[in-house]
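Single-structure report; data block below.
The values are calculated or read from the model by the stated rules, or taken from the named source; none is laboratory data. This one's a predicted model, so the numbers in the text were calculated from it and none came from an experiment. So basically every Cβ, Gly included, is an ideal-geometry build from the backbone, and we count neighbours across all protein chains shown.
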Amino acid sequence: MNIAHFKTDRLASLARAVRFCATNDSVAGFVGLLVVIVLAGYFGPPTYPEPVITKLAQRPGIAQGIAASRDGSVFMTFRGDEALFRLDARTRAMEAVTTLHNPGAVASDGNGGAYVAYSVDPGYGDVFHTALGLVTRSGVTEVLRVPSNIGGIATDGQGTIFATAGEIWKVTPDGRKTLLAGAELEGEAVRYLLPVGVAVNALGQMLVVDDRHAVFLVEGGKVRQLAGRVGECDFADGIGDSARFCGPAAAVADIDGSFLVVDQDCAVRKVTAEGRVTTVIGLPDRGPKGVVQLPGEECRPWVRSIAVDSNGDILLAARSALRVQLRKLAK
């Protein structure tokens, strides 16, 4: 039985009992009222635990990327570590899955593997390119290479990958690579997008985090500004252009179909497909406080990556790798 529904049904009955006792002047009515009060103490509104912030892993370097696998394991990268790490869901042991040069952004492939961005030498001078590779038990398969840093990776659950590197790249399951621009996207906003993060929900809606303090929604090939205002840096909840971001970076799709965006170094904002912005994890010194705030030491320098596991817990690549539990579990 769902105890929350059980309590709701009982509360309705108790409310009717209170109305009866209040109109009854007899001793029986008084006793009945006492019974109602006692029962209300047990069947009253459910209480919820405080949010819990857990440190998943810490290395000498700051966390760079984080992703949640369907089996509960967590993929992570750290600055200075030339490896992709996997935290086992059952044993909680962390192992190096493979060795890579300067690994960064990471995303789960949905099948026990992970996509990870890493540096590659194109063979001329000291200029490095960024590759996007699929890491499985059989090794690393390069699926994309670009001459700039890949800051965000997202998958659509059907095998298509999206990556941001100052632009948006799409890689289909058959390996076809497409730069999403005027040919594939429609809308006035396409001309001046500066994407730094990307997320795709189960409905196929894509959230693009823009470097100039706004977020955009791509749906059916059409782009529209969803929330925030380009060029205006601030921190405020609201709907559409009444909301404000300042330095939004990484993003991920939440389990309810909305999106979570890292903003202002260590805040997390929830953004719906209708453009409503609310603060989930707030800043300790300004703006909406949200449900919880991260410890100050975890905000230095800033949160670089965000993920959501199958329980709805938020995973963050902050100074260390963190799990933030915000689930409302009835007593």
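Among the strands (runs of 3 or more DSSP E) confined wholly to segment 47-156, which include 3 or more residues that are among the β-branched types (Val, Ile, Thr) and more than 29 Å from Gly204 (Cα to Cα)?
By residue number, 52-57, 94-99.
So which residues in segment 55-108 are out of contact with any strand residue (DSSP E or B) (no Cβ under 9 Å at 6 or more places or on another chain) and polar (S, T, N, Q)?
Thr91
I need the full set of residues from segment 218-230 which are part of a loop (DSSP other than H, G, I, E, B) and at pLDDT below 90, in order please.
Gly220, Gly221
Checking Leu179 against (1) surrounded by fewer than 17 Cβ atoms within 10 Å (Cβ to Cβ); (2) in a loop (DSSP other than H, G, I, E, B); (3) in contact with a strand residue (DSSP E or B) (Cβ under 8 Å, 6 or more places away or on another chain), only one condition comes out false. Which one?
All conditions pass for Leu179, except number (2).
Okay, residues lined up against (1) of a type in the set (Asp, Glu); (2) crowded, with 19+ Cβ neighbours inside 10 Å; (3) not assigned by TED's automatic domain parsing to the domain that holds Arg304:
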position	(1), (2), (3)
Leu56	no, no, no
Asp71	yes, no, no
Val74	no, yes, no
Gly80	no, no, no
Leu84	no, yes, no
Ala89	no, no, no
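Each row is one residue, and each column tells you yes or no for (1) surrounded by fewer than 17 Cβ atoms within 10 Å (Cβ to Cβ); (2) over 24 Å from Pro284 (Cα atoms); (3) touching a helix residue (DSSP H, G or I) at 6+ places or on another chain (Cβ under 7 Å).
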site: Val200; (1), (2), (3): no, yes, no
site: Arg229; (1), (2), (3): no, no, yes
site: Gly240; (1), (2), (3): yes, yes, no
site: Arg244; (1), (2), (3): no, no, no
site: Gln264; (1), (2), (3): no, no, no
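Could you give me the residue pairs with C-beta distances under 9 Å whose first residue belongs to segment 315-331 and is within 16 Å of Arg59 (Cα to Cα), whose second residue is of a type in the set (Phe, Trp, Tyr) and modelled with pLDDT under 95 wherever it lies, and which are 6+ apart or on separate chains?
Every condition considered, the pairs that remain are Ala318/Trp302.
Go through (1) touching a strand residue (DSSP E or B) at 6+ places or on another chain (Cβ under 6 Å); (2) among the hydroxyl-bearing types (Ser, Thr, Tyr); (3) within 25 Å of Gln58 (Cα to Cα) and name the single condition Ser258 misses.
(3) is the only condition that Ser258 fails.
For the structure I just gave you, tell me whether Phe75 is over 18 Å from the mean Cα position of the chain (by Cα) and aromatic (Phe, Trp, Tyr).
In short, no.
For segment 231-255, enumerate the residues that are at positive phi and part of a strand (DSSP E or B).
Gly238
Filter segment 91-106 down to the residues that are surrounded by fewer than 19 Cβ atoms within 10 Å (Cβ to Cβ) and closer than 24 Å to Arg300 by Cβ and list them by number.
Those that are surrounded by fewer than 19 Cβ atoms within 10 Å (Cβ to Cβ) and closer than 24 Å to Arg300 by Cβ: Met94, Asn102.
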